[in-house]
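Structure record follows, encoded as structure tokens.
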Amino acid sequence: MIHIMDFSILIFLILSMASCGSISVFNVLDFGAIGDGVRDDSQAFLKAWNAICTAPTSNPELIIPKEKTFLLRPTVFTGPCKPRQIHIKVLGDLTAPKTRLAWGRPPRSTYWLIFQYVDGLIINGKGTLNGQGSVWWSSLYHKQELPNNTNSDVGEMNELRPIAFTISFCKNLQISGLNVINSPSKHVKLFQCIGASLSNLDIKAPKESPNTDGIVIAESSHIQVHDTNIGTGDDCIAILNGTSNLNITRVACGPGHGIRQGTIVVWFSENIKRKEQYLFIGSLGMNGAYDTVEEIHVQDCSFVGTQNGVRIKTWQGGSGYARKVTFLGITLRAVENPITIDQYYCPHLIHCQNKTSAVKVSDVSYDGVQGTSMTKTAINLSCSQSVPCTNIQMNRINITSAGQEFITSSFCLNAHGRAGISIPNMGCLRK
């Protein structure tokens, strides 16, 4: 018995020594990365990723050192990985190719950096991800933003521009501290993620840059977005189909479209000639799709000079629901369309047809929404005749004119709910 115990202790000591001898901190420079912003470091990053993804330690770190700029072509970092958690410290800067030719042909030219099938991923640091989007912004439209039967004379209408930073098929994700700028298209996208925290991000692009949404969230649940600044040429945050249990807190939005819900999207606005951002739940039900979003909670967010504030938009002819949505403690300053529900969404006024089916919008609460509007109709609730909006709650609303010579008003169509004391008056809301 004593010999067996001695042998067990010996094995334990050997395994402990082996563990202590394994590498837990990796640096991209050790894998051949240069960091001069000119030479391509993509292969060096992939080698470093392979090393950390297969590391025997439980929580390895990958260092992207400061005072360096690493040129990366479209690159995919794929799991699953052996460690239960991987920590990437972005201290230096990453830059995308500066010419469209250098991006390569589709599908490579539809993305820049992708992390997929990686659980327990932590990415933080003060580094900058520069998507070099200006060479792409002459393409005004995305193929997926148009109905399948839409024809267009715009030569570049069907071109897909790259998304800068995509994380897909993940669990327990943490991203914080990064600067993400000048994406060709969307800046940060989450797809099919469960449990994620995005915080202290600074996402920027010129207000004239088309369709450069800040954060896009699709088919994901239990997501936290907080303490983040977003100012781009499109939606600050877009919430798409299949998203649930999303909390957005202390996000400053502007310029841009706002926050929107609808394919389902929560977004900031679309007019690329103006300050478009807002929070939006939108584009739900496109091409007759069945789309759902629920349990979306937006609190203590601000919108400055945006085209829209908080907006829910859906296409006619779709089905599904957008429900259990709350907007609490929202501050508006010189916003063109502060509160909007639009069940008649039809961009560019192309092939717009009246249809009877619609995505159901219900259980939406606006509480403590205050500030100023650039337009007279500060609240516009345009709901479907066949599938009206129900249980819309308005409390402590105070939206006044932004120094203009008008008194703000509200408009309701097929909208049902209750309103407390409100400016503008919400007498149009049916009980």
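Data table
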read-out	value
Count - residues of region 32-67 that are assigned to a helix (DSSP H, G or I), polar (S, T, N, Q) and open to solvent by 70 Å² or more (accessible area, probe 1.4 Å)	2
Scan of region 84-107 for residues that are open to solvent by 40 Å² or more (accessible area, probe 1.4 Å), outside any helix (DSSP H, G or I) and not β-branched (Val, Ile, Thr), ordered by number	Arg84, Gln85, Lys89, Leu91, Asp93, Lys98, Arg100, Arg105, Pro106, Pro107
Number of the condition not met by Gly177 [criteria: (1) over 21 Å from Gly309 (Cα atoms); (2) modelled with pLDDT of 95 or more; (3) open to solvent by 20 Å² or more (accessible area, probe 1.4 Å)]	(3)
Among the residues listed as Ser410, Ser384, the single one being at pLDDT below 95 and crowded, with 17+ Cβ neighbours inside 10 Å	Ser384
Residue among His226, His222 that is at positive phi and part of a strand (DSSP E or B)	His222
Residue within region 363-380 that is assigned to a loop (DSSP other than H, G, I, E, B), open to solvent by 60 Å² or more (accessible area, probe 1.4 Å), touching a strand residue (DSSP E or B) at 6+ places or on another chain (Cβ under 8 Å) and within 17 Å of Arg311 (Cβ to Cβ) present	yes
Lone unmet requirement of (1) charged (D, E, K, R); (2) modelled with pLDDT of 95 or more; (3) open to solvent by less than 10 Å² (accessible area, probe 1.4 Å) for Asp235	(2)
Residue under evaluation Thr212, criteria (1) β-branched (Val, Ile, Thr); (2) closer than 25 Å to Lys324 by Cα; (3) touching a residue at least 60 places away in the same chain (Cβ under 8 Å), criterion not met	(2)
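The values are calculated or read from the model by the stated rules, or taken from the named source; none is laboratory data. All figures in this text were calculated on a predicted structure; none of them were measured in a lab. Positions of Cβ are generated from backbone atoms using ideal geometry, with glycine treated the same way; all protein chains shown enter the neighbour counts. Accessible surface areas use protein heavy atoms only, side chains included; no ligands, DNA or RNA. Shrake-Rupley method; radii C 1.70, N 1.55, O 1.52, S 1.80 Å.
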